[in-house]
Amino acid sequence: MENELIISKDNAVALMHDMNLGSIIKPLSKEILLFDSYIAGTSHIEDESVFDALKEDDKLILRREDNKFDENAIIVLNEQGRKLGYIPEKDNIIFARLMDAGKLLIAKVKSMDIWDGFRQIKIGIYLVDF
């Protein structure tokens, strides 16, 4: 028969057996740009060496933070988990709601500028969709 389903030793289940779940899901995920913003609070970071290795297109970790000043606070971390700052309060309510609902958000560095001692890191905020 021309359209018959044949299961052989090379079927998909057998191929996935030797792979971890992350390597299976990654190709099935896509990043959807939601918003362009910047990292707030960079001038309050005590150890500024955290910015030295940062470059354009670096992925950043976004994590909700229990914060007495902002109930929707989202901290921005580099890939090593070091604090870079926050999503600006004026921008964070929708992203906080998405994260609280279990959605995975990340950021990527778009550009970095320094003028008069002030550091501005522009970022894109992405929803990781599976």
Looking at the range 69-97 only, could you name the residues that are on the phi > 0 side of the Ramachandran plot and surrounded by 14 or more Cβ atoms within 10 Å (Cβ to Cβ)?
GLY85
Name the pairs whose Cβ atoms lie under 9 Å apart, with the first residue in the range 91-120 and farther than 23 Å from SER43 by Cβ, the second surrounded by fewer than 18 Cβ atoms within 10 Å (Cβ to Cβ) and among the β-branched types (Val, Ile, Thr), and 6 or more positions between them or separate chains?
LYS103/VAL128; LEU104/VAL128; LEU105/VAL128; ILE106/ILE61; ILE106/VAL128
Considering residues of the range 89-119 that are modelled with pLDDT under 95 and in a loop (DSSP other than H, G, I, E, B) only, the residue farthest from ASP70 (Cα to Cα)
ASP116
Among the residues of the range 39-48, are any among the hydrophobic types (A, V, I, L, M, F, W, C) and in a strand (DSSP E or B)?
yes
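The values are calculated or read from the model by the stated rules, or taken from the named source; none is laboratory data. Note that the coordinates shown come from a computational prediction; the quantities given were computed from them, not determined experimentally. Neighbour counts run over all protein chains shown; Cβ positions are idealised from the backbone, glycine included.
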